[in-house]
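Report on the structure given below.
Taken together, the values in this text are just the output of simple stated rules run on the coordinates, not laboratory data. Worth saying up front: this structure is predicted, and the values here are computed from it rather than measured. Using ideal geometry, Cβ is built from the backbone for each residue, glycine included, and neighbour counts are taken over all protein chains shown.
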Amino acid sequence: MEKKVVIVHDFLMTFGGAERVLRELADMFPEAPIYTLLYDEELSGGRFSDRVIHSSILQKLPRFFRRRYRWLLPFFGSAIEAFDLRDFDLVISSSGAWSKGVVTKLRTKHIAYLHSPMRFVWDYNERYTKGLGRGVALCRRALLSYIRVWDRMAADRPDILIANSQYTKKRINKYYRRRAQVIYPPVTLGEDIDPEAMRDAQLSEQGYFLVVSRLTESKNVSLVVEAFQKLNLPLVIIGDGYDARSIQKSSMNTVKFLGRRSDTEVLRYMVNARALIFPAEDDFGMVTVEAMQVGTPVIALGKGGALETIEEGVSGIFFEEPVSVMVADAVRRFLEKKTWDRKLIRERALRFSGKCFRDKILGAIEEMNVQE
């Protein structure tokens, strides 16, 4: 008898790297419903309008609160545990925080694909109390401690943990004391295109460097802006986020902000860029591989998943710390290397294909069934 499969994802309130992984999983299991804490078809770009979506009780809150869902932090754990998944034989969770914590029956198998352990409670917990009054900071620390305990217990529930990189695997072992296997995420945005066909000599921006990122503090985009103003070189930034306004205020004429753009436009800007700048410490960094898949080299912070995808001097250049002077120095070193083999860069990046991801996920499921 064919197994009944369900897919669980934290939030469908945007369409980023985690949602691209979810889309691949959804395509692998076309009959599987998707359970998520909150769903907004508009914010997720309509990418899942063809699927059956089940949202948590939090979906009944007014739109004002759903759009500011971080205010609902104390309720996410109990909301994810309330999902009734008794009718399913296999649960596949796509989790950066909450969905690995679903409660299943004893006979139900659960594979959790982890994009990261919860960063805000394990890595950045002090950032969330900095500058607050003593009473507020104490309350927030207590909340984060409670969530940390919940997260540690939730990580014991899946039968198998899959990490999106060796970097994430090490963090899973450190924080959860569990072993995980590594399956790199599917990078499909630039997989099937012809970069030469997208080269555009008529593009209004020429000779530019590119950032494609959420504009939030952890992404370090402001230090790239600072570096490029010192270098007096053109920089194009695609993306939006909480810090967009403050970053734009601090920028000058050499920096151009384009906001959110379609996948096709992002690819066009990637193909025509001199290099992509990636200044954040990320668990994998899907955008770096997307750039390399169209032959564009990457200047990246030499930490996290970037060390597993970028080859120094072949597909990019690293800088050691997230400070503007080091970004500027890396750009100078990039310019000194006058030619880059874009065909070779593309060939190296295609190992992170959708097919490779699908084969390894199916292999993990088969192995689990054999061990059953």
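Segment D200..T14, full-extension length gain: 64.1 nm, with 0.36 nm per residue of separation and the alpha-carbon distance subtracted. Seen against the Cα atoms of the chain and their longest principal axis, helix 17-28 is set at about 60 degrees.
Calculate the tail of P(r) for segment 331-372: the fraction of all Cα-Cα distances greater than 14 Å, expressed in %. Cα-Cα pairs in segment 331-372 separated by more than 14 Å: 68 percent.
Stokes-Einstein diffusion of segment 213-311 at 25 °C, 0.890 mPa s viscosity, Kirkwood radius from Cα pairs, rounded to a whole number: 178 µm²/s.
For every other residue with a beta carbon closer than 14 angstrom to the beta carbon of P297, add +1 if it is Lys or Arg and -1 if Asp or Glu, then tell me the sum. Computed value for this residue: +2.
Distant-in-sequence amide contacts of H54, defined by a placed amide H-H separation under 5 Å and a gap of 5 or more residues or a different chain, comprise I34, Y35, T36.
For GluC sites (Glu not before Pro), the sites in segment 5-50 that DSSP calls loop and that have at most 12 other Cβ atoms within 10 Å are E31, E41, E42.
The separation of segment 251-296 from segment 48-126, counted between C-alpha centres, amounts to 29 Å. Once the Cα atoms are used to define both axes, helix 221-231 deviates from the longest principal axis of the chain by about 10 degrees. Principal-axis analysis of the Cα atoms of the chain puts helix 166-176 at an angle of about 40° to the longest axis. Over all Cα atoms in segment 153-268, the spread is summed up by Rg and Dmax: 19.0, 55 Å. Sites listed here are trypsin sites (Lys or Arg not before Pro) in segment 76-105 whose DSSP assignment is loop and whose Cβ has at most 13 other Cβ atoms within 10 Å: R86, K105. Taking Cβ atoms as reference points and 13 Å as the exclusive limit, the residues near D240 contribute a net charge of +4, counting Lys and Arg as +1 and Asp and Glu as -1.
The distance between label points at R214 and D27 comes to 2.3 nm (points 7 Å beyond Cα on the Cα→Cβ vector).
For the chain, the Kirkwood estimate of the hydrodynamic radius, built from every pair of different alpha carbons, is 21.7 Å. Loop-resident trypsin sites (Lys or Arg not before Pro) (DSSP state other than H, G, I, E or B) in segment 286-372 with no more than 12 further Cβ atoms inside 10 Å of their Cβ: K337, K338, R351. Charged neighbours of T14, selected by a Cβ distance under 15 Å, balance to +4 (K, R count +1; D, E count -1).
For K355, which lysines qualify as cross-link partners when the Cα separation must be under 23 Å and same-chain residues fewer than eight apart are set aside? Cross-link targets: K3, K4, K169, K343.
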